[in-house]
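Colleague: Have a look at this one before I ask anything.
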Ligand SMILES: Cc1cc2nc3c(=O)[nH]c(=O)nc-3n(C[C@H](O)[C@H](O)[C@H](O)COP(=O)(O)O)c2cc1C
Ligand code: SF4
Ligand code: SF4
């Protein structure tokens, strides 16, 4: 029996619960506003789950109501219990979901948590942590709403897929390959469009469905990929779509953001799946190399990989599947967008080449997805926008390439699928 929300989803639900509890604890004065908002959403939830689809979410209704009544009568003024019930209810729903074998069909509508956080700020003048708490709680609630609403959804089977794949050190490529292989084994026609030399990227997306796959960079898709999704990806007109991504930490906001963009473009989202892979960003790989090698060897978590096959199977059968979509409006979301954008990538990111180490192999320049690296007398130099992919740093055989201040003090990531990177450089 698999874990109801996948290993990753389960882990994040628990950690969000801890965060939510902590932030509420430090801000008891906002309890009433929080409770009112909570109650509003609960009522909508009750209506939704009664009218649309009775299911495991019903457990949440009861728990939610009980907690609210308790807070109103016994504990007004202290915020802690508002959230205390969340992990409890989560646990109950997980147990129930376990029994009903519904592990693959859980969704969160990413807009509602934002609205809720906004309401928390505006209505109550709550400080940030309360808004955050509301959003986290909303994420939970959305989990259950989607559990109830989408559980029974079933669409026509899929016979052909366009995959738009961005992957720098090969992690996402590995993750996506599992999905693709499974689909091909089931007789589906899959066409892969490599989003690598992205300035020249063109894809004729004529297949009947779409899969987008990318690494998380700064809590979001990489800047060039995000630009492509927003500006160039054709409208979906109801085409089924699936989102895949890898990251070194958590599910991030990349999934929710991409979900939103595709939904606004008219795609019918069938699910999302993500995998935790090694961190390929040298600047954060501080400390002894031995430790990093050990950590790298633990990832990807092989227990999560089979979920890719499940997602592929569900997708082509026309069933929703995958991990929960969770939006966490923390400052990191904003910081991510600030550290990786056109201006920063052009002005602040400089390549530095240690000439005494450089063997003039030209690999970095051939690899560079932004075609920013050129060579002069055999030595690379940079011009124009960087994709901040760390490919040149990670691919250089001699540690001669650095991104100014971004990679100097960290350990580079020796990509697990180095051959794939080389192949991409040579193609
Ligand atoms: C500039 C940059 C920013 C990143 N930001 C994040 C992040 O915000 N959260 C995270 O979990 N991983 C982050 N990562 C790690 C990558 O998402 C992760 O290593 C991914 O598996 C790389 O996939 P790829 O090999 O397909 O490029 C970042 C990597 C880079 C290069
Ligand atoms: S990959 Fe390294 S050694 Fe080769 S040209 Fe680039 S900087 Fe020099
Ligand atoms: S210069 Fe390096 S980090 Fe920047 S896009 Fe090119 S390969 Fe990637």
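Colleague: For region 376-413, how many residues are within 25 Å of residue 341 (Cα to Cα) and within 7 Å of ligand 2 (Cβ to nearest atom)? Reasoning before the result, please.
Modeller: The initial filter retains those residues of region 376-413 that are within 25 Å of residue 341 (Cα to Cα), namely 380-396, 401-413.
Then keep just the ones that are within 7 Å of ligand 2 (Cβ to nearest atom); that gives 380, 392, 395-396, 401.
The qualifying residues number 5.
Colleague: Would you check which residues across region 383-408 are away from ligand 1 (no atom under 16 Å from the Cβ) and either free of Cβ contacts under 8 Å to residues at least 12 places away in the same chain or within 23 Å of residue 225 (Cα to Cα) (or both) and list them?
Modeller: 383, 384
Colleague: Within region 248-264, which residues are at pLDDT below 85 and not in a helix (DSSP H, G or I)?
Modeller: Within region 248-264, 249, 250, 251, 252, 253 qualify.
Colleague: Being more than 18 Å from the chain's Cα centre (by Cα) and either outside any helix (DSSP H, G or I) or within 16 Å of ligand 3 (Cβ to nearest atom) (or both) is the filter here; which residues of region 269-301 pass it?
Modeller: 282, 283, 284, 285, 286, 287, 288
Colleague: Taking residue 228, is it touching a residue at least 12 places away in the same chain (Cβ under 8 Å), farther than 26 Å from residue 319 by Cα and either touching a helix residue (DSSP H, G or I) at 6+ places or on another chain (Cβ under 9 Å) or buried (at least 21 other Cβ atoms within 10 Å of the Cβ) (or both)?
Modeller: Yes.
Colleague: If you don't mind, there's one more thing I want to ask. Name the single residue that is nearest to ligand 2 (Cβ to nearest atom) among those in region 323-344 being at pLDDT below 75 and not in a loop (DSSP other than H, G, I, E, B).
Modeller: So, considering only residues that are at pLDDT below 75 and not in a loop (DSSP other than H, G, I, E, B), the one nearest to ligand 2 (Cβ to nearest atom) is 335.
The values are calculated or read from the model by the stated rules, or taken from the named source; none is laboratory data. Everything numeric in this text was worked out from a predicted model, so none of it was measured. Note: ideal-geometry Cβ built from the backbone for every residue, glycine included; neighbour counts use all protein chains shown.
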